[in-house]
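The values are calculated or read from the model by the stated rules, or taken from the named source; none is laboratory data. Just so it is clear, the model here is predicted, and its values are computed rather than measured. Surface accessibility is based on the protein's heavy atoms, side chains included, excluding ligands, DNA and RNA. Shrake-Rupley method; radii C 1.70, N 1.55, O 1.52, S 1.80 Å.
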Amino acid sequence: MKRILFAIITIFAVCAQGMGAQSAQDFSKASVQIKFYDRTMYYPGSVDDNPVFVQVSIVNEGTETLRFKLADDRMFSLDFTAYTIRNSTLPRTNDLIVKRSTNQTVYFRELALEAGESYSFIENVKKYVSFDEPSMYYLELEFYPELYKSRQVSVRSNRLSLDIRPAPSAASLSVLPVEDRTASLLKPEAISPDMVVEQTIIARQKALWDQYFLYMDIEQMMTRNAEVDRRFRAASADERARLLESYKSDLMLNRIDYDIVAVPERFSIENTSYSQLDGTVSVLEWFKYPNYREKKRYVYKVRKRDGIWQIYDYSVTNLGTE
């Protein structure tokens, strides 16, 4: 009798394992793709006033039906991570930490995607990650198809480059004749060297970094330093790209080459001289301090590439105080 009972229990156990194996969902053919939605200028803070909207798409790339759970509050289904150019991560928002550490009921829907189908929605990244400093970041999403508290399974997305700029200032009332809402629309134009320099300075006054870098040969500016030039020449293509992004980020944070990113109160183009391919633009610039003004002469070196003038070097002469 005991043997019969043991055999029955064994049969039930094997059946239960078989049913569990059949019910377990395979997420190896699921993919998550992210892209910016209505991309614009992004600044630190301002979760609601200056959101970073990203379109999230869950795609079934397999041949079987893909089933997953999606929480009504997406913070229990998603996790955005922002990396600095040095590969450290930014902190999570307090709201996200509190929600996930509080014992509460999580409401969700069960969704099913047939082969080739996708499901998309929009999320504000700033609800997940705290962006307190302007810099260049890399954004990645992790999706939990069985919700955040069951994190045994997750699906990672592609990466996006996110440019968080310094908060804009009203240092100048001049108007730039270029689009300032999205970097993707900015294209250099075949304008004169003096106009190139003028637009670059005004862009710096307005903290419009994409416009500031638009007419600048970043690689040449960065490799003016002999040691940096040596490291850059010895680097791989990917490492060179990271070095260029790091240089731009350091400029934006005023960590290096202070003279080129200094913000003048006003300026006046003094002289422009150029040949067919090379030229210089001399500019008088005034910098305001609490008790005095400082006057400097900037000489920008420019050269023409593919019909576009670019700034590739500069020198500064102090002309005293006023």
How much of the calculated P(r) for the range 36-178 lies past 26 Å, in percent of all Cα pairs?
33
Take the range 27-80, drop everything but the C-alpha atoms, weight them equally and run the Debye formula without solvent; then report log10 I(q)/I(0) at 0.13 Å⁻¹ to two decimals.
-0.46
Size-normalised alpha-carbon gyration radius of the range 214-322, reference 2.2 N^0.38 Å:
1.21
Debye log10 I(q)/I(0) at q = 0.08, 0.14 Å⁻¹ for the chain, Cα point scatterers:
-0.54, -1.13
Filtered hits (aspartates and glutamates, Cα-Cα < 12 Å from LYS99, offset >= 8 within chain) -> ASP73
Please compute the Kirkwood hydrodynamic radius of the range 29-120 from all pairs of different C-alpha atoms, in Å with one decimal.
15.7
Counting only protein heavy atoms with a 1.4 Å probe and every protein chain in place, the carbon and sulfur fraction of the accessible surface of the chain in whole percent equals 49
Per residue solvent-accessible surface (Å²) - the chain, probe of 1.4 Å:
56
Leaving out same-chain residues fewer than 8 places away, which aspartates and glutamates sit with a Cα under 17 Å from that of LYS304?
GLU189, ASP194, GLU198, ASP217, GLU219, ASP278, ASP313
